[in-house]
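Down below is the structure, laid out as structure tokens.
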Amino acid sequence: MARISNVHVTLFLTELDLDEEELQAEVQNLLPQLREVDGVEAVDSVAVEDTPRGAKAFGGFLLGLLNLEINPANIKTLFKFLGDRFGNKPIKLVVKAPDGRELNIEASSREEFEFAMQQAQDFLNNTQKTQDS
């Protein structure tokens, strides 16, 4: 049986309408919580290599962005956590499959998180089928 590669997810909290200090506090509060979600193998702030003009950075990291690595079997658990945590707040996610394809998702309500979770699961299932072929 082939080993299933982890999925990379970038979480954008920049739509939360927080000032820089509040956004940094939100990220720092969220990091340990995400590390406790089943299937999350790694989570970190997005490091700044060359900050693009107009991008906001704090301490060498882009404000409001987090990178996660998760076992695809646990993507539902991640979306449930995010839906519970940000149920009525807008966030963006980019789900990157092991083959490099990406799915961009936005959600700002519990219903949208449910729909986004289904989109991500379908995307990853189709990716797995493609790899198995």
If you check E106 against the conditions, is it modelled with pLDDT of 90 or more, in contact with a Pro (Cβ under 9 Å, 6 or more places away or on another chain) and in a strand (DSSP E or B)? yes
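Residue-by-condition table, conditions (1) over 15 Å from the mean Cα position of the chain (by Cα); (2) of a type in the set (F, W, Y); (3) surrounded by fewer than 13 Cβ atoms within 10 Å (Cβ to Cβ); (4) at pLDDT 90 or above:
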residue	(1), (2), (3), (4)
V9	no, no, no, yes
E15	no, no, no, no
L18	yes, no, no, no
Q24	yes, no, no, no
P32	no, no, yes, yes
E36	no, no, yes, yes
G39	no, no, no, yes
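The values are calculated or read from the model by the stated rules, or taken from the named source; none is laboratory data. Just so you know, these numbers come straight off a predicted model, no measurement behind them. A quick note on method: Cβ atoms are made from the backbone with ideal geometry, for glycine too, and the neighbour counts reach across all protein chains shown.
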